[in-house]
Structures are given as structure tokens and as C-alpha cells.
Amino acid sequence: MRRLVVIGNGMAGARTVEDILARGGAAQFEITMFGDEPYGNYNRTLLGRVLSGKESEADIVLNALPWYWENNITLHAGVRVDRVDKYSKHVFTGDGRVVPYDVLIIATGSRSYLPPMDGIHTPSGSLRHGVFTFRTMDDTRRMVQFAREEHHRRAVVIGGGLPGVEAARGLRSRGMDVALVRSGGGPAAILGKDRITGIRLGSQAALDCDMVVVAAGVRPNVDVAVVSALEVERAIVVDDQLRVMDEEDIYAVGDCAQYRGEAYGLVAPLWEQAAVLADHVTGADGSSAYLGPGRSLLPASRVAPRIQ
Ligand SMILES: Cc1cc2nc3c(=O)[nH]c(=O)nc-3n(C[C@H](O)[C@H](O)[C@H](O)COP(=O)(O)OP(=O)(O)OC[C@H]3O[C@@H](n4cnc5c(N)ncnc54)[C@H](O)[C@@H]3O)c2cc1C
């Protein structure tokens, strides 16, 4: 048995493991996954529905914890990988574990981008009470709790993309008065000393609010790859087999992967990437190749999306 280690238990990491199992991977690999969120895998694209109260947290779970046990996968949920030693082939975790691998898959996804803004952080560097990003189940839970408090009535959501629109819609369903605004256009500041009282964006008049949601885009999570001396440009550079450039046994998939200059930040490309990667590491089809969204050399039946 070869040792397969996966860093990142989000939509791409878990989907790739499902595809590996579907190709007989259980007989080839001892599988270990690390995810720094303390959960199984859930459908991140549906967080807006949880925020608005249309779905529960349980409704959007894709792979609950028993799925990992049932498939003989060792999941370290809530454990972050800090770095990889690609020469000795080990990963090093934040809680002090050192785990060997034969094949490594990096699926660390993206994080919310925080534009420069006065008053956004506490002196210790964490986000100030009342400021939120919208990327994870924990972000969503914190926003729901904050919106429930009666004296919190007005929210400003920064960002016109899908997560921004969904955050605005969700908070409105929770009874908040929401302004959806675009970032950019000069220096920004969150106002108020002990609690948030408003936000000023560029030269526009300040908007009164009790909470601010920053949904101004994402950046690929490449810290582990950078400190481990892997090829990183905007994201981790991969070839047609999702193999990290110049590496034999390290792959990257999903939002953290950059293919022909593109890092997508969407789910559709990762279904194809996962299938191609699984074909390669299991040896199911050495000819399958990722050539960009909708263009992969791969029978369509192998990319049957279970979720859109
Ligand atoms: C609110 C919202 C709505 C969206 N709607 C859509 C949509 O409608 N359509 C669409 O195509 N896309 C949408 N997206 C984007 C989509 O969710 C992402 O493209 C997708 O989740 C990418 O999957 P991923 O596995 O690459 O990354 P992620 O799902 O982000 O998973 C990466 C995981 O790796 C973990 N991780 C990171 N670093 C480490 C580390 N060092 N050690 C251990 N674990 C680590 C992260 O905590 C995370 O759990 C939406 C995103 C959000 C937030």
C-alpha cells in the first residue's frame, strides 16, 4: 500500500478522494487527510442558504465524519499542515505531527481577500468584533449569531460578487438592513471606537452600520506550497495531470491550483481536475488530461457532477 496524504478537506480534496476510491484506490492507498476546519466536507457554495436560514448546517454536508471511517480514511479535522519536506516526503502539522507520504495532494483552496482598511483589525491582528469574512461554516455561524442580537440592525457588505450578494441576501432574511457596496475608490476605514458605528469608503459619505462583511474576492491559499519551495505564481503551478511543476509525487487541485496561468475559484473546474488526478494516481487511465474547463481528455461519464 502507498501512503496518500491530502492537505485540505474542502470541496476539491474530498471530491478527489471520492474519485480515487471510485477507481479502486482503497486497495492501493492508505489515505490520510488534514483539514483545518473542524468538520467533514460541506458544500461551500450553499453557505448563503445557511446564512439566510433556508438550509441547516447539516443540510449542506457532503461527507460527514462517518464517511471517512467507513472508507478507512484517517481524517485529522481541525489540524493545519504547516509545511512539506519534499525531499524526505513528510508533512509537518501545526500540532506537531510528522506524517510520511508517497503521494501528496494539496487542496488548500482560497481565503477571503481583505483590502487595506483602517480599523479592520484588533491590535493583536485578528478581525475586529463585528467584521466578518464569508468563506467558511464558522464565518456563517458567527454572522448568524451577531445578526440575532437585537441591537445589531444595519450591515454593510463590501463586494459585488456572488458571495457578497449571498451575504447581503442572507443578512436581509435575518432582518438586517443591508447596504451592498463595492470596494475600491480610495482609502477605507471602519468607524467607531468600542463598537462599529459605520464605514467610510473613499470620498463617499460614511455609511452607518453595526457590522461589516468583507466579500471582496479571494486569494489562493499557497502558504504551505511557498514555504515548501513548490512552484507558485498566483497559485500552485500544475501540468495537464495536476502534478505540481517539477515534482514527481505532489499534485494540487481546486482553487489553490494554477493551470496555464488561470486559478479559477469556481467548483466546475475542480470536478474535472479531481477526475483527471484520480485517473493518474490510481493508474486507471494514464491518458486522461486536464486541458481547461470543459476541455479535458476524459470521458464525460467520469465527471458526473453529484452537486452543481
Ligand atoms: C459563499 C460562497 C458561495 C460560492 N458560490 C459558488 C457558486 O455558486 N459557484 C461556484 O462555482 N463557486 C462558488 N463558490 C466558490 C467555491 O466554493 C470554491 O471554488 C470551492 O469551494 C473550491 O474548493 P477547494 O476545495 O479548492 O477549496 P475550499 O473549499 O476552500 O477548501 C479548502 C480547504 O482546505 C483547508 N486548508 C487550507 N489550508 C490548509 C492547511 N494548511 N492545512 C489543512 N487544511 C487547510 C481550508 O480550511 C478548507 O477547508 C462560492 C464560495 C463561497 C464562499
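What are the residues in region 146-161 that are within 12 Å of the ligand (Cβ to nearest atom) and either basic (Lys, Arg) or at pLDDT 95 or above (or both), if any? Outline the logic, then answer.
Looking only at region 146-161, we keep the residues that are within 12 Å of the ligand (Cβ to nearest atom), and these are 157, 159, 161.
Answer for region 146-161, where residues must be within 12 Å of the ligand (Cβ to nearest atom) and either basic (Lys, Arg) or at pLDDT 95 or above (or both): just Val157.
Every residue in region 30-44 that is more than 11 Å from the ligand (Cβ to nearest atom) and either among the hydroxyl-bearing types (Ser, Thr, Tyr) or surrounded by fewer than 24 Cβ atoms within 10 Å (Cβ to Cβ) (or both), please.
Once the filter is applied, which keeps residues that are more than 11 Å from the ligand (Cβ to nearest atom) and either among the hydroxyl-bearing types (Ser, Thr, Tyr) or surrounded by fewer than 24 Cβ atoms within 10 Å (Cβ to Cβ) (or both), region 30-44 yields Glu30, Thr32.
All of Arg135, Arg200 fail the test of being modelled with pLDDT under 95 and within 21 Å of His121 (Cα to Cα), apart from Arg200.
Number of residues in region 95-126 that are within 16 Å of the ligand (Cβ to nearest atom) and in contact (Cβ under 8 Å) with a residue 24 or more places away in the chain: the value is 13. Quick one: is Met143 in contact (Cβ under 8 Å) with a residue 12 or more places away in the chain, more than 16 Å from the ligand (Cβ to nearest atom), under 28 Å from the mean Cα position of the chain (by Cα) and surrounded by 15 or more Cβ atoms within 10 Å (Cβ to Cβ)? No.
When Ile158 is tested against (1) surrounded by 16 or more Cβ atoms within 10 Å (Cβ to Cβ); (2) more than 20 Å from the chain's Cα centre (by Cα), only condition (2) is not met. Taken over region 227-246, the residue count meeting the criterion of being within 20 Å of Leu114 (Cα to Cα) and surrounded by fewer than 21 Cβ atoms within 10 Å (Cβ to Cβ) is 2.
In region 197-225, of all residues being assigned to a loop (DSSP other than H, G, I, E, B) and among the β-branched types (Val, Ile, Thr), the one that is nearest to the chain's Cα centre (by Cα) corresponds to Val222.
Restricting to region 248-292, what's the tally of residues that are closer than 29 Å to Leu46 by Cα and assigned to a helix (DSSP H, G or I)?
Of the residues in region 248-292, 16 are closer than 29 Å to Leu46 by Cα and assigned to a helix (DSSP H, G or I).
Does region 103-115 contain any residue that is under 17 Å from Leu4 (Cβ atoms), at pLDDT 95 or above, not basic (Lys, Arg) and not in a strand (DSSP E or B)? Break it down stepwise before answering.
Step one: of region 103-115, the residues under 17 Å from Leu4 (Cβ atoms) are 103-108.
With the extra rule that they be at pLDDT 95 or above, the set shrinks to 103-108.
Filter once more, keeping what is not basic (Lys, Arg): 103-108.
In the following step, the residues that additionally are not in a strand (DSSP E or B) were identified as 107-108.
Yes - at least one qualifying residue is present in region 103-115.
Among residues of region 71-88 that are closer than 22 Å to Leu21 by Cβ and without any contact (Cβ under 8 Å) to a residue 60 or more places away in the chain, those with a beta-carbon under 7 Å from a residue that is in a loop (DSSP other than H, G, I, E, B) and more than 9 Å from the ligand (Cβ to nearest atom) at least six positions away or on a different chain give the pairs Val79/Asp95. You will find that of Leu62, Leu47, Leu51, the residue that is surrounded by 24 or more Cβ atoms within 10 Å (Cβ to Cβ), within 20 Å of Pro269 (Cβ to Cβ) and within 15 Å of the ligand (Cβ to nearest atom) is Leu47 and no other.
The values are calculated or read from the model by the stated rules, or taken from the named source; none is laboratory data. From a predicted model like this one, the values you see are computed outputs, not experimental measurements. Don't worry about glycine lacking a Cβ; one is built from the backbone with ideal geometry, like all the others, and counts go over all protein chains shown.
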